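Structure below; questions to follow.
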Amino acid sequence: MLAIWGIAVVVALILVGTSLHGLTTSVHVVGTTQSSQAEALYRQALGASAGQRPTDVIVVSSKSFTVSDGSFRQFVARLAARVRTAPGVTDVATGLSAGSQFVSPDHHAALIALRAASDADIKPVVKDVRAANGSGGFAVAVTGDHTVGNDFTTLSASDLKHGELDFGLPISIVILLLVFGAVVAGLMPALMALLSIIVGLGIAALLAREFSLSVFIVNMMTGMGLALGIDYSLFIISRFREERGHGHGKDAAIRITGATASRAVLLSGSTFVVALLGMFLVPVTLLRSLAAGAVIVGVVSVAAALTLLPAMLSLIGDRVNSLPLPVVGKNLGRSDAARARIWTAVTGRVMRRPAVSLALAGGVMVLAAVPVLGLHIGQSGVTTLPGNLPSKQGYLAVQRYFPNQSQDPVEIVSVGGAGSARADLSKLETVLAGDPRFGPGVIQASPDGKILSLTGPIRGDDVSSQDVAAVRNLRQQLIPSAFAGSGGQVYVGGQTADEADYFHAVTSPTPYVLAFVLGLSFLLLIRLVILPSTLSLLGQRSWYQPRWLDWLPHLQADPTPGTLLR
């Protein structure tokens with residue numbers, strides 16, 4: 001068994017090193033949405049030019065110079081030439097003439113627009129921007145889709161290191177050492193968790209070769225792997241030591257542990273996997289990636305607890321108590337017995353006052369659940385990033401110097417209908433131009449004139465709740481009012497519309513997810529716990545009760561509720 005797990009760990013490390021790449025920060029809804037229909041029609045109307053929109057922009061500003069000064073022009077030209085040499089960067093454009101869209105109203109700032117192929121391709125641009133920032137009296141910042149994506153990836157890796165590895169794991173080890181009172185017993189759950197994470201990441205690397213996975217799957221697998229791996233190992237090691245303290249031999253203690261604690265681990269892991277499978281009903285790539293990561297590491301953690309850990313216990317036996325700690329490691333068997341007496345006393349008090357205990361516990365749970373009534377669904381955008389990251393600094397620069405421009409504008413596409421479609425679209429453009437949430441737009445048409453598009457800015461963070469609410473208002477009120485009686489189909493696309501569709505895709509399946517999770521979990525509990533234990537208490541044997549689910553003999557001999565609880 002150790003050899004099998006050793007091979008699995010080595011193969012997983014190789015896969016992680018060679019295949020766990022290309023993880024994405026993008027989030028989109030699986031299937032057809034209004035925003036995806038708008039995007040398809042928009043590309044159909046404008047052809048190749050629809051795909052040439054800049055993905056990121058560089059903001060060059062100066063308090064002393066204006067765009068008409070030679071030093072300003074030379075600085076922008078040098079920076080644009082340097083950016084053009086970056087691999088994966090195309091369509092670098094700027095313009096410093098009066099009235100250009102690349103020049104700020106006060107003429108103290110200019111834009112350099114560019115198109116990057118991926119988040120990785122924006123890294124050389126960010127490096128060039130940082131090198132140019134502050135030189136010659138110019139401030140330089142960059143923001144956009146790929147800059148934001150790169151910053152989220154960087155932040156995710158930093159959070160993983162500082163959150164789980166620098167803080168979570170050491171604190172867990174300290175707690176385990178205090179609980180077990182011995183170094184070997186305390187480190188074994190942490191080792192099980194780390195091995196489960198490594199093997200789980202190896203499986204995720206295989207999936208990443210065929211599917212697009214979110215970068216946050218690594219955080220999910222690390223956090224869940226530590227929690228489940230430590231939790232399940234804690235169950236089993238504690239029970240093994242307890243049975244050894246009762247005088248059972250090593251092999252007998254492992255078998256009893258397998259019939260009790262291991263069964264609890266299997267049931268807990270199965271319920272956990274069932275609950276996470278419900279997330280696959282939500283048609284959003286991010287949530288499905290998180291669900292896949294949690295399910296993978298959950299299955300691996302259960303497998304490690306049921307196979308690898310018993311194998312290790314069979315080899316080391318009582319050496320699991322090796323290297324006892326000076327204070328908490330004294331009289332290990334007695335401390336376990338004392339803890340058992342404490343929980344027996346707690347259970348006894350609860351049984352003597354069941355109504356009071358139920359009211360107190362239920363009241364605490366209800367109070368803890370009250371905040372869900374004010375739950376707000378949102379998306380992490382550039383405004384949620386720390387101020388020291390490049391994309392946040394660039395976003396603030398754009399908002400300061402180019403408040404009427406949007407990196408991700410709203411795309412309104414009209415197809416079919418009566419001949420008044422263009423007039424209706426013009427009327428809508430006039431309304432949006434006077435709306436502080438939007439701004440003046442540009443109307444374009446396909447070569448055959450059958451598809452009309454209106455592209456206009458949306459102000460602020462394009463994934464903020466305010467902008468999403470503005471798009472919903474545009475869809476539900478402004479467009480129906482402008483196109484009343486035209487009979488055409490009008491679709492709204494763009495990044496903010498994507499977010500609106502995303503929120504709808506996340507919240508609308510909630511009743512089905514709850515029904516799936518609770519229903520399947522209930523059936524699982526009936527099959528694995530309620531029915532076998534009932535038949536066992538009745539003294540019957542049938543195919544409903546596998547031998548590995550038998551209750552312990554003393555529970556079958558005295559099947560009273562009090563005994564079962566104790």
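No value in this document is a laboratory result; all are computed from the given coordinates. Treat the numbers as computed from the prediction; the structure is a model and nothing was measured. Cβ placement follows ideal geometry from the backbone for every residue including glycine, while neighbour counts extend to all protein chains displayed.
Enter the angle in degrees (range 0 to 90, nearest 10) between the Cα long axis of helix 261-277 and the first principal axis of the Cα atoms of the chain, meaning the one along which they spread out most.
Helix 261-277 and the main axis of the chain meet at about 20 degrees.
Compute the length gained on full extension between THR347 and VAL364: take 0.36 nm times their separation in residues and subtract their Cα-Cα distance, giving the result in nm to one decimal.
4.3 nm
Provide the net charge surrounding THR85, with neighbours chosen by a C-beta distance below 13 Å and charges set as Lys +1, Arg +1, Asp -1, Glu -1.
My count for the surroundings of THR85 gives +2.
Also: Compute the relative contact order of the chain as a whole-number percentage, counting only Cα pairs closer than 8 Å that sit 6 or more residues apart in sequence.
19
What does the charge count around ILE173 come to, taking other residues whose C-beta lies under 15 Å from its C-beta (Lys +1, Arg +1, Asp -1, Glu -1)?
Overall, the nearby charge balance is -3.
State the antiparallel share, in %, of DSSP beta bridges confined to the chain, rounding to the nearest 5.
On the way: 33 of 34 bridges.
Roughly 95 percent of the beta bridges in the chain run antiparallel, per DSSP.
Mind checking the angle between helix 217-245 and the chain's longest principal axis? C-alpha axes, 0 to 90 degrees, to the nearest 10.
That helix lies at roughly 10 degrees to the long axis.
For the chain, what does the helix formula give at 222 nm: sum of -39500 (n - 2.57) over DSSP H segments with n ≥ 4, over the residue count, nearest 500 deg cm²/dmol? Could the numbers behind the result be given before it?
Numbers: 23 runs with 313 residues, N = 566.
So the calculated ellipticity at 222 nm is -17500 deg cm²/dmol.
While we're on this one: Say each of ASP318 and THR383 gets a label point 7 Å from the Cα, pointing the same way as Cα to Cβ; how far apart are those two points in nm?
Distance between label points: 6.5 nm.
Now for a different question. According to a simple spin-label model (label point 7 Å from Cα along Cα-to-Cβ), what is the distance in nm between LEU165 and LEU396?
According to this spin-label approximation, the distance is 2.9 nm.
Calculate the radius of gyration of the Cα atoms of region 98-254 to one decimal place, then report Dmax, the largest Cα-Cα distance, as a whole number, both in Å.
25.3, 90
Place a +1 charge on the Cβ of each Lys and Arg in region 27-160 and a -1 charge on the Cβ of each Asp and Glu, then give the dipole magnitude about the Cα centre in debye, rounded to the nearest 20. Spell out each step's value before the answer.
Working: 11 positive and 11 negative charges, 82 e Å.
That gives a dipole near 400 debye.
Hey, another quick one. Under 12 Å from the Cβ of ARG53, count the other residues' Cβ atoms, weight Lys and Arg +1, Asp and Glu -1, and hand me the total.
Every neighbour counted, the sum reads -4.
Could you give the radius of gyration (one decimal) and Dmax (whole number) of the Cα atoms in region 233-381, in Å?
Cα radius of gyration and Dmax of region 233-381 are 20.7, 59 Å respectively.
Here's something else I'd like to know. In nanometres, what is the gap between the two model label sites at ILE14 and ALA469, each 7 Å from Cα along Cα-to-Cβ?
Going from the ILE14 label point to the ALA469 one covers 5.5 nm.
Leaving out same-chain residues fewer than 8 places away, which lysines sit with a Cα under 23 Å from that of LYS250?
Qualifying lysines at Cα under 23 Å: LYS330.
Relative to the longest principal axis of the chain, what angle (0 to 90°, nearest 10) does the C-alpha long axis of helix 390-401 take?
Between helix and principal axis, roughly 30 degrees.
Okay, next question. Straight-line reach from LYS450: which aspartates and glutamates have a Cα under 18 Å away, not including same-chain ones fewer than 8 places off?
List returned: GLU39, GLU411, ASP424.
Right, here's the next one. Restricting to DSSP loop positions (anything but H, G, I, E, B) with no more than 15 other Cβ atoms inside 10 Å of their own Cβ, which chymotrypsin sites (Phe, Trp or Tyr not before Pro) remain in region 194-280?
Filter output for region 194-280: PHE211.
For LYS63, which lysines qualify as cross-link partners when the Cα separation must be under 22 Å and same-chain residues fewer than eight apart are set aside?
Output for LYS63: LYS392.
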